[in-house]
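Take a look at the structure below.
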Amino acid sequence: MPIKVPDHLPAKEVLINENIFVMDESVAYHQDIRPLRIAILNLMPTKETTETQLLRLIGNTPLQVEFILLHPRTHTSKNTSPEHLEQFYKTFDDVKYERLDGMIITGAPVELYEFEDVTYWEELKQIMEWSKTHVTSTFHICWAAQAGLYHHFGVPKLGLEEKMFGVFPHTVSKPNVKLLRGFDELFLAPQSRHTEVRREDIERHPELEILSESEEAGVYIVATKDGKQIFVTGHSEYDACTLKYEYDRDINKGLEVAVPKNYYPNDDPAKPPLNTWRAHANLLFSNWLNYYVYQETPYDLHKGEYVI
């Protein structure tokens, strides 16, 4: 089934060219089916790029999805035009009286700040608290995973001596959990962060499960046992060239940055990188949408009538 995309969203043409099944709003309204309503709280500076990355994964599942793009009201974006935000985005105030099937909270380049020093931290806390009663399952990415673990459970984020940067092998820690169905025993996923959450801090909370880890990159996927909160410390949604963009950006700023590990062929930045994590990313998002959203959400969000 397709993802329902606003007619003029820039990501639409990119997705069509990649053979992702998208549907015009006008066509979707004539289908006798309730699409899943998924909010994407986009905290990334390059919002259009992140939209495309996430919609690519959401649109590659058998479920019809209607998405709502959100941005923090208490932060002014420097990299996304006001016109784009005005046309395609809402704020929390616009949806706080609604119920949603799922929500994705993206990462953000603010991990070196204390959580309380982030300009939109109070607003984000309000959204995360609201999600516990108004969203069937919430998927937190990278910094948002750290923020969610800190807000909900008090798990601290700790600085790394050097940036965790590259594509790392990860293993399955809980093979019988639905989120990991079909996962290879060893799979690759990108990481790009200066901070981490540690196993021993997570294990203090019996309501949390560590589902996947990396010997080098540490904890990767954490979830509450009821599946309502998913925390992913990496960036499985990244394009093949996203790490390259980050590396080139930092080099051009004159920063000392290591070549991302296991990314360029023969570790040569002159060679085009390969996407070695695409299958993992698609399976991760597909499993979340199917088992943690579709199978658990009410058919009528207000009446509490379930899909199955």
Which order do Ser192, Ser286, Ser236 fall in if you start with the one that has the fewest other Cβ atoms within 10 Å? Ser286, Ser192, Ser236
Sorting Asn252, Asn287, Thr242 by the position of each Cα along the dipole of the chain (Lys, Arg +1; Asp, Glu -1; all at Cβ), the one nearest the positive end of that ordering is Asn287
So for the chain, taking the charge dipole from beta-carbon charges (+1 Lys/Arg, -1 Asp/Glu), which of Thr46, Ile230, Gln64 sits furthest toward the positive end? Gln64
Order of Arg56, Arg99, Arg198 under a 10 Å beta carbon neighbour criterion, fewest first: Arg198, Arg99, Arg56
Before anything else, pin down the relative contact order of the chain: Cα pairs under 8 Å, at least 6 apart, normalised by residue count, whole percent. 16 percent
What Kirkwood radius, in Å to one decimal, follows from the Cα pairs of segment 186-308? 17.0 Å
Ranked list, fewest to most other Cβ atoms within 10 Å of each Cβ, for Cys142, Cys241: Cys241, Cys142
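So what's the convex hull volume per residue for the Cα atoms of the chain, in Å³?
Hull volume over Cα atoms, normalised by residue count, gives 139 Å³.
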Helix-only [θ]222 nm of the chain, DSSP H runs n ≥ 4, -39500 (n - 2.57) each, per residue, nearest 500: -7500 deg cm²/dmol
Suppose every Lys and Arg Cβ carries +1 and every Asp and Glu Cβ carries -1, with no other charges. What dipole size does the chain come out with about its Cα centre, to the nearest 20 debye? 400 debye
Which shape class, rounded, prolate or oblate, goes with segment 115-173 when its Cα gyration tensor gives a ≥ b ≥ c as root eigenvalues, a/c under 1.5 marks rounded, and past that a/b bigger than b/c marks prolate? oblate
Candidate cut points under chymotrypsin sites (Phe, Trp or Tyr not before Pro) in segment 208-238, DSSP loop plus at most 10 other Cβ atoms within 10 Å of their own Cβ, are none
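We did not get these values from a lab; they are worked out from the coordinates using the rules stated. Note that the structure is predicted; figures quoted are calculated from it, not measured. For neighbour counting, all protein chains shown are included, and Cβ atoms are generated from backbone atoms with ideal geometry for every residue, glycine included.
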